[in-house]
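A.B. asks: Take a look at this one; I'll ask things after.
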Amino acid sequence: MTNTAVMNTETNSLKRKLTPQERKLVRSVFWRSMFLMFCTSYTKQQGTTFGWTLIPYLEEIYGKGTDEFYKAMSRHQDFFNTTPGMAPFIFTMVISMEKERKAALDAGKPFDDSSIEAIKVALMGPFAGIGDSIYSGALRIIATGIALGFCQAGSILGPILFALVYNIPNIMIRYFGAEYGLKLGNTYIAKALQSGAIKAFTKGFSVLGLIMTGAMTAQYVSFKTTFVADFGGTAFNLQNVLDQILPGLLPLLLTLGTFGYLRKKNKPVNAMIFMFVAAVVLTLLKICG
């Protein structure tokens, strides 16, 4: 099949309207996936709640209390870990594959059970990268940048805007992720992994998050020196010299230094204590104020 034919097939899949039963499934997965982080462990991470989320769908496919139901539940109790907002896509894809398995068994055809687990394992890593880039690297920073000015002014719009800017995309990603997982199937993701599209998507959101971090640093991090000295009748203003080198140099150095400190797995509280002590000392020395 040519690339054009593949693209046409994927486009037609996205345009396909869901049946009422499929729409009900999407809504159900959307709500049940909200509990993915309610029971995590070091050995299985989200594996236990992944299996719990699938219970009603596996009961509908194989029948309640049947041997095939318990075999399916056993398959979905293994390790699983991804960004929760991206999980509905994987849920609906797994449910589709379980339905394919049941149809194959009813028709007396062989079905590779390991392929279902292979899809889960193949998706959870890349989707975690995409999800972390979207939620932590972009959405959270954008929402903070929009809300911070209102919060500093004491406006109630600050937390409200943060909640809206962060959660409206979150809800849309969850819902339409479940819908697209049902429409596209596992072959599309395999192609996206091979072509590098997912890697490019992740990198794009990471770059966006870094841009927003730089903008917020320039706007909200304030750090200036008040050091002024007289050298032979010539006034020396340290802040003016630093501004001539690079405006905002001190806030940038403070941000990069804090970032480097936290990347070494140090505690944020220690960084805050250090900055507080340094601020007191520098003020008493009349270097800052």
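We did not get these values from a lab; they are worked out from the coordinates using the rules stated. Please read all numbers here as calculations on a predicted model, not as lab measurements. Because the Cβ atoms are built from the backbone with ideal geometry, glycine has one as well, and the counts that use them run over all protein chains shown.
A.B. asks: Give me the three principal axis extents of the stretch 42-102 from the C-alpha atoms, as integers in angstrom, largest value leading.
C.D. replies: Principal axes ranked by extent give 30, 22, 16 Å for the Cα atoms.
A.B. asks: While we're on this one: Return the calculated 222 nm mean residue ellipticity for the chain, to the nearest 500 deg cm²/dmol, obtained by summing -39500 (n - 2.57) across DSSP H runs with n ≥ 4 and dividing by the residue count.
C.D. replies: On the way: 13 runs with 207 residues, N = 289.
After summing the helix terms and dividing by residue count, I get -23500 deg cm²/dmol.
A.B. asks: OK, next. Bins of 10 Å, beginning at zero and ending with the bin holding the largest distance: percent of Cα pairs per bin for the stretch 208-274, please.
C.D. replies: Taking every Cα pair in the stretch 208-274, the percentages come to 18, 38, 28, 13, 3.
A.B. asks: Given the peptides 35-41, 226-232, arrange them by the average over their residues of other C-beta atoms within 10 Å, most packed first. Mind showing how you got there, number by number?
C.D. replies: On the way: 35-41: 13.9, 226-232: 10.0.
The packing order, highest mean first, is 35-41, 226-232.
A.B. asks: Hey, can you rank 51-61, 81-91 by average C-beta count inside 10 Å, highest first? Numbers along the way, then the final one.
C.D. replies: Details: 51-61: 18.5, 81-91: 23.7.
So the order, starting with the most tightly packed, is 81-91, 51-61.
A.B. asks: I'd like to know which of Ile61, Phe89, Pro169 lies farthest towards the positive end of the charge dipole of the chain, counting +1 on Cβ of Lys and Arg and -1 on Cβ of Asp and Glu.
C.D. replies: Pro169
A.B. asks: Dimensions of the chain along principal axes (Cα, Å, largest first)?
C.D. replies: Computed over the chain, the largest-to-smallest principal extents equal 97, 43, 36 Å.
A.B. asks: Rounded, prolate or oblate: which fits the stretch 79-176, taking a ≥ b ≥ c as square roots of the Cα gyration tensor eigenvalues, rounded meaning a/c under 1.5, else prolate when a/b beats b/c?
C.D. replies: prolate
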